[in-house]
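Here's the structure, in structure tokens; my notes come after.
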Amino acid sequence: MIGRINSVQSLGTVDGPGVRFVVFMQGCPLRCGYCHNPDTWDSKGGKEITTEELFAQVKRYRSYFGKDGGITVSGGEPLLQADFVYELFSLCKSENIHTVLDTSGCILNDSVKKLLSVTDMCLLDYKMTNDEDYRKYTGCSLEKVESFLKELNDREIITRIRQVIVSGINDNEESIGRVYGLSERYSCIKETELLRFRKLCIPKYENLGIPFPFKDIPETTEEQLQRLKR
């Protein structure tokens, strides 16, 4: 099967357990205010590759995975190419390579459910904690993400919640309380990770001639994150 990818990272250490081969898929239906990869939005961009070609690249780095590492498919939004990722993950599972899906959870259909059948772990970017902010800052509804999270829970897929913290938007105690409270409703959630809002992506926006919506918002500090965690 042929899919479109933006890039790969051969020895990733922040996108799931252990050392991972990270694939960034091309195409995304969302327009998040803090998106770091606007170059992945266009579904017709990137480069074409077959699952067999990509799997061959993965296997070259297998010796680095150890007992904890494996492959992570990120984006863009990998759920847009769920059939391609399913085929790739199936090849990985045949070789006992651990699979992680890094997603916004904005799509749930039969192809996505099939993909989840070969997914060992999910990194779910739970972007906001109320529907108004979700629609305003991402273009997606909270209801869609909750449906996806329920599917993860029903399948008992180990899940790590991730949320980028942006000053003045979701950096209040009420919002953080709702994020951490998700684990009380969904037993699949084993970890909650708060991430700093950064602006290293601004040159990408400038090169593409696209305004960066959060350009005037200050970066989140590590001190802010620690305060919110406490």
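The values are calculated or read from the model by the stated rules, or taken from the named source; none is laboratory data. The structure presented is a predicted model; accordingly, all values stated were derived computationally and were not measured. All Cβ positions, glycine included, derive from the backbone under ideal geometry; neighbour counts span all protein chains shown. When the accessible area is computed, the model is the full protein with side chains, heavy atoms only, and any ligands, DNA or RNA have been set aside. Shrake-Rupley method; radii C 1.70, N 1.55, O 1.52, S 1.80 Å.
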Exercise for the section: Over 30 Å between C-alpha atoms is what I'm after, so list which of K47/K229; K150/K199; K47/K150; K67/K215; K136/K199; K67/K199 land there. Expected result: K47/K229; K150/K199; K47/K150; K67/K215; K67/K199
Completion exercise
Residues whose modelled amide H sits under 5 Å from the amide H of S43, counting only those 5 or more places away in sequence or on another chain, are C28
Problem - Contact order normalised by residue count of region 121-230, Cα under 8 Å, 6+ apart, percent - result: 27
Completion exercise
The farthest towards the positive end of the charge dipole of region 40-189, of the residues L182, Y126, S111, given +1 on Cβ of Lys and Arg and -1 on Cβ of Asp and Glu, is S111
Handout entry: Length added when fully stretched, K47-E191, from 0.36 nm per residue minus Cα-Cα
Key = 48.5 nm
Exercise for the section: Would you tally the net charge around S94, using a Cβ to Cβ cut-off of less than 15 Å, leaving S94 out, and scoring K and R as +1, D and E as -1? Expected result: -1
Fill in the blank from the handout: Within the under-9-Å Cβ sphere about N170, not counting N170, Lys/Arg +1 and Asp/Glu -1 give a net charge of -1
Exercise for the section: Go through region 126-138 residue by residue and turn each phi into a ³J(HN,Hα) via Karplus (6.51, -1.76, 1.60, θ = phi - 60°); whole Hz please, and just put x for glycine and proline. Expected result: 8, 6, 9, 10, 9, 5, 4, 5, 4, 5, 5, 9, 10
Problem - Relative packing of 65-74, 156-165, which averages over residues the other C-beta atoms within 10 Å, highest first - result: 65-74, 156-165
Fill in the blank from the handout: Expected sort for 11-17, 213-219 on mean C-beta neighbours within 10 Å, highest first, is 11-17, 213-219
Exercise for the section: Please give, to one decimal in nm, the separation of the simple spin-label points placed at I2 and K204, each 7 Å out from Cα toward the Cβ. Expected result: 2.6
Exercise for the section: For an R0 of 30 angstrom, estimate the FRET efficiency from the Cβ-Cβ distance between S141 and L11 and round to the nearest 0.05. Expected result: 0.25
Problem - Approximate spin-label separation E95-D216, in nm, with each point projected 7 Å along Cα-to-Cβ - result: 5.0
Completion exercise
Relative contact order of the chain (C-alpha contacts under 8 Å, at least 6 apart) in percent is 17
Completion exercise
Pseudo-spin-label distance Q57 to K114, built 7 Å along Cα→Cβ, given in nm, is 2.3
Problem - Accessible surface, per residue, of region 97-144 when the full set of protein chains is kept, probe 1.4 Å, Å² - result: 38
Problem - Expected 222 nm ellipticity per residue - DSSP helices of 4 or more, -39500 (n - 2.57), all of the chain, to 500 - result: -10500 deg cm²/dmol
Exercise for the section: Working with all protein chains in place, sort R155, R20, R60, R135 by solvent-accessible area computed with a 1.4 Å probe, largest first. Expected result: R60, R135, R155, R20
Exercise for the section: Once you have the Cα-Cα distance between N130 and E174, take 0.36 nm times their residue separation minus that, and quote the gain in nm to one decimal. Expected result: 14.8 nm
Fill in the blank from the handout: Of the accessible area of region 144-190, computed with a 1.4 Å probe and all protein chains kept, carbon and sulfur make up a percent value of 43
Handout entry: Ranked by how many other beta carbons lie within 10 Å on average, peptides 183-193, 22-32 from highest
Key = 22-32, 183-193
